[in-house]
Structure formats: structure tokens, C-alpha cells
Amino acid sequence: MGSHAHPVGITKGPSMRRILLSIPHMGGNEETYVRQAFATNWLSTVGSNIIAFEDDFQKRIGLPAAALSSGTAAIHLGLRLLGVGPNDEVFCPTLTFAASCNPVRYLGAECVFLDSDYATWNLDPNILEDALRRRALRNQLPRALVVVHLYGQCADMDPILSICQRYDVPVLEDAAEALAATYRNRPAGTLGSVGVFSFNGNKIITTTSGGMLASADAVWVEKARFWSQQARDPGLAYEHSELGYNYRMSNVLAGIGRGQLEVLDLRVRQRRAIAFRYRDAFADLPGISLMPQVAYGLHTNWLSCFLIDEGEFGRSRDQLIRALDEANVESRPVWKPMHLQPLYAGCEHYGGDVAEDLFRRGICLPSSSSLSAEDQLHVVNAVRAAAGMHELDELGQPATVQSERMAQAGD
Ligand SMILES: Cc1ncc(COP(=O)(O)O)c(C=O)c1O
């Protein structure tokens, strides 16, 4: 095979540059805002970048928002705003990252896990309805529901919100993975009582580490801001009536956030293009399918996720991850369900084994918005080689056909 068709050989050894799952991608203006923080010496959790970042974010999603040190901190404060406390229970989809539900434990409450559906990979509204009906009969309704929008796609919020309204259960939207996704033309994270976002280094935009809490209730947002700065009462003395945290975003990092927000729409287009390029390049492979793209909203495809049918594909998901690793490509299983985690052993779990199946068969492929066409072709061909299929050239044609063409042309 000609090196022209394979700028990055898939059989090269471990010294080759590794293609990572999702890396930061700066837009260009971040350093200008960060320099402003240095120039004015506002190198703390106070300053004009924080104010501007919150304002820009508020304009973007249409709700007041508080900039925090992480998405996890935002979930912690959000659950506290919803009144979650010791001995309460909180419903949460089992298919998620641990940060969706760990804050439930921070508050001394316990998690109850719910299964996903295949159509969205998110919380199954039917299972939610059944679980709430059964809990109502026992007079044991949860204090809140955390609903998660996985990998850039919203859960089916209309039925979820109407069921929760019927049982008077407030909803926290964990939109950590779904900034810029929409549900029926409304932004992810603006539909429940509280919405939470993450700017962790692997997210669609990043502040290296950071998060945002949003709510239609401006008093709640102000309360979250107050708690995030140690809940110091007004006045000269350091007096505290409430328990606070050190959860505020730094003014330096908010500068990165301002620059990143300017390129968010471009990042969405880039992430979606990557997902669809994979889908098209695997169109002739049996047993590998892109995560569903539900018609009710915009899926940002923060991560390009696929399901592997071992029988048809010829390799298991784990075998594919190992083959990619050998080709210096980082990939990852879909989240391991929370009800299978040792930490959450013994928690109640409603539903079947959809989340377990998605976990067993699901894989996340490199999805950085900065992923070059050349590097993506390397990933594509590593997947194709694992499936025993011919490789593609940069035009999406079988690579062997191209080398034959080049040979004929005397190239
Ligand atoms: C679904 C989900 N929830 C919460 C978080 C926590 O966000 P952070 O890393 O900013 O604390 C993440 C990502 O890290 C996530 O993927």
C-alpha cells in the first residue's frame, strides 16, 4: 500500500503520536482575555472575565447562570437548591458518568437508578413513570430527578417533565455533555428547574476545568453563587449562617471560557461533521452503527459513539478498543452503568438491561473538533482493519483501488 494513501501507517509502533479521544481546541481570543486578567491583577475568583463569561453564557442560553469550578460542583449546588438532604432519595439514569450522582451522596442522600432506552441512550420515560407510580404507592417519592443528556443528545424531556410534574418531583438537568444541544428548539439545560454544564478539558468547549449552573429562578442562581464563595454573610465580620463551599470559577479560567464561547457553534459543526464522516466511512461495515440522532433536537455529537454487534462486526467492543490502542488510537467504552459500580452496589435499580447492553457494546471514538482529516482516516482504517475490511483513501475510496490507479499511472 502506497504511503500516499496512508500518511499515518496503522501498523506503526508505540512511538507514533497517539490520537486522543477529545482534546481542548482554543479559538484564538482566549489568551487576550486571560492576559486582561493578568494585566489588571484580578487573579482570583473575582473579576471582569467572570462577569462577562456569565453574561455571555446567559445570552446564549437565555437564563441567569453562575460560573463555578466544575460541573460536579454545579450538580452539588443544584441538588441542594432542590432541597436534597440527608436520607432523601434522588432518581438518576444508570447510564452516566459518576459525577452525575456522586453529589447525591455528598448531601447524605441515596441514589436510585433508572434504565435507558435504545432510541436516545438516555433515561427511558416509561421506566421513570413506572418507578414513580410504584414509589407513590409506597409513599416514597424521590426528592429530585437528575436527568442526563449523554454525549451531546437530549433526553426526551417533554414526557419526563410532565411525569415529574404529576408527582411534584423537581428536575436537575445534567447537560455537562450537551452544551449547545437542543430539545424542540430549546437549549439543553434550560428545561428543568436547574441546569448544569461542564467546561472540563474534554468537553466541547473548555475552561480547563469549570462548570455553570443555570436556572430560570434568578434568586436560586444568586444563592448558588453565594454558596460557591463560602457563604459569607454581608458585613465586615466573617460571619456565616449557611454552609458554603469554595466552588467559584477563577477569573483567569473565565477568560478562557469567554474565548471558547465565541467558537461554540463552529465546534458543534466540527463535532457533527466528524461523527457523520465516521458513519459514512463505516457504511459498508456490518455490525457498527452510530448512536441514534433523534429528530426532536440537535445532537452535538460531543463524542462520536458507536454500537458494535460482535456477531456481524467480527470483533467484540473490547477487541476493537485493543486493536485501536495498538494503532495508537484512544477509544473508550460507553459509561459503565452506575448500578454496576461497586460504589453504588445495593442501590435500587428500575428497568431492564438496556444500559448494560449499551455499555457492553458501545464505543466512543476520537472526536476532537481539531481532529484532522488525515488522523480521522487513520482511525477509520484502524476500525476497518479490525473488521477485516479494506482500507479507504482520503477520498473515501478503497485504498487498494487507488494504489492500483497510481501504479497504472506510473506514480
Ligand atoms: C454527564 C456528566 N456529568 C457531570 C460531569 C462533571 O463535570 P466536571 O468534570 O466539570 O466536574 C461530567 C464530565 O466530566 C459528565 O460527563
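The values are calculated or read from the model by the stated rules, or taken from the named source; none is laboratory data. None of these values were measured; they are calculated from a predicted model. Don't worry about glycine lacking a Cβ; one is built from the backbone with ideal geometry, like all the others, and counts go over all protein chains shown.
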Restricting segment 98-131 to residues that are buried (at least 19 other Cβ atoms within 10 Å of the Cβ) and aromatic (Phe, Trp, Tyr), which is nearest to the ligand (Cβ to nearest atom)? Trp121
Do you know which of the residues in segment 76-91 that are in contact with a helix residue (DSSP H, G or I) (Cβ under 6 Å, 6 or more places away or on another chain) and within 15 Å of Trp227 (Cα to Cα) is farthest from the ligand (Cβ to nearest atom)? Leu81
Among (1) more than 15 Å from the ligand (Cβ to nearest atom); (2) over 30 Å from Glu30 (Cα atoms), the one test that Thr94 misses: (1)
Please work out if Ala214 is in contact with a Phe, Trp or Tyr (Cβ under 8 Å, 6 or more places away or on another chain) and farther than 17 Å from Tyr151 by Cβ. yes
Helices (runs of 4 or more DSSP H) enclosed by segment 95-188 - at least 2 residues per element that are aliphatic (A, V, I, L, M): 125-137, 157-166
Condition first: modelled with pLDDT of 80 or more and part of a helix (DSSP H, G or I). Now tell me which residues in segment 385-401 satisfy that. Ala385, Ala386
Given the condition away from the ligand (no atom under 16 Å from the Cβ), of a type outside the set (A, V, I, L, M, F, W, C) and in a helix (DSSP H, G or I), answer yes or no: does some residue in segment 229-246 qualify? no
Exactly one of Arg317, Arg322, Arg269 is of a type in the set (Lys, Arg), touching a helix residue (DSSP H, G or I) at 6+ places or on another chain (Cβ under 6 Å) and away from the ligand (no atom under 16 Å from the Cβ), and that residue is Arg317
Selection from segment 179-204 of residues that are within 15 Å of the ligand (Cβ to nearest atom), touching a Phe, Trp or Tyr at 6+ places or on another chain (Cβ under 7 Å) and under 17 Å from Asn122 (Cα atoms): Leu179, Gly189
Is it the case that segment 309-316 has a residue that's touching a residue at least 24 places away in the same chain (Cβ under 8 Å) and polar (S, T, N, Q)? no
Take the conditions surrounded by 17 or more Cβ atoms within 10 Å (Cβ to Cβ) and under 19 Å from Gly152 (Cβ atoms) and apply them to Val379. Does it pass? yes
Do we have Ala73 as more than 30 Å from His378 (Cα to Cα), within 13 Å of the ligand (Cβ to nearest atom), assigned to a helix (DSSP H, G or I) and under 19 Å from the mean Cα position of the chain (by Cα) here? yes
Does Phe226 satisfy the criteria of being among the aromatic types (Phe, Trp, Tyr), closer than 22 Å to Asp56 by Cβ and within 15 Å of the ligand (Cβ to nearest atom)? no
A careful count of residues in segment 340-351 that are away from the ligand (no atom under 16 Å from the Cβ) and assigned to a helix (DSSP H, G or I) gives 2
In segment 28-58, what residues are charged (D, E, K, R) and either exposed (fewer than 13 other Cβ atoms within 10 Å of the Cβ) or farther than 18 Å from Tyr247 by Cβ (or both)? Glu30, Glu31, Arg35, Asp55, Asp56
Over segment 255-295, the set of residues touching a Gly at 6+ places or on another chain (Cβ under 7 Å), closer than 13 Å to Thr206 by Cβ and surrounded by fewer than 23 Cβ atoms within 10 Å (Cβ to Cβ) is Gly259, Val263
Enumeration of residues in segment 205-223 that are within 11 Å of the ligand (Cβ to nearest atom) and outside any strand (DSSP E or B): Thr206, Thr207, Thr208, Ser209, Gly210
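Each row is one residue, and each column tells you yes or no for (1) within 15 Å of the ligand (Cβ to nearest atom); (2) of a type in the set (A, V, I, L, M).
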position	(1), (2)
Val329	no, yes
Met338	yes, yes
Asp353	no, no
Leu365	no, yes
Val379	no, yes
Mind checking whether some residue in segment 165-173 is touching a strand residue (DSSP E or B) at 6+ places or on another chain (Cβ under 9 Å), in contact (Cβ under 8 Å) with a residue 60 or more places away in the chain and surrounded by 24 or more Cβ atoms within 10 Å (Cβ to Cβ)? yes
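Could you please let me know if Asp265 is assigned to a helix (DSSP H, G or I) and within 25 Å of Ala175 (Cα to Cα)?
yes
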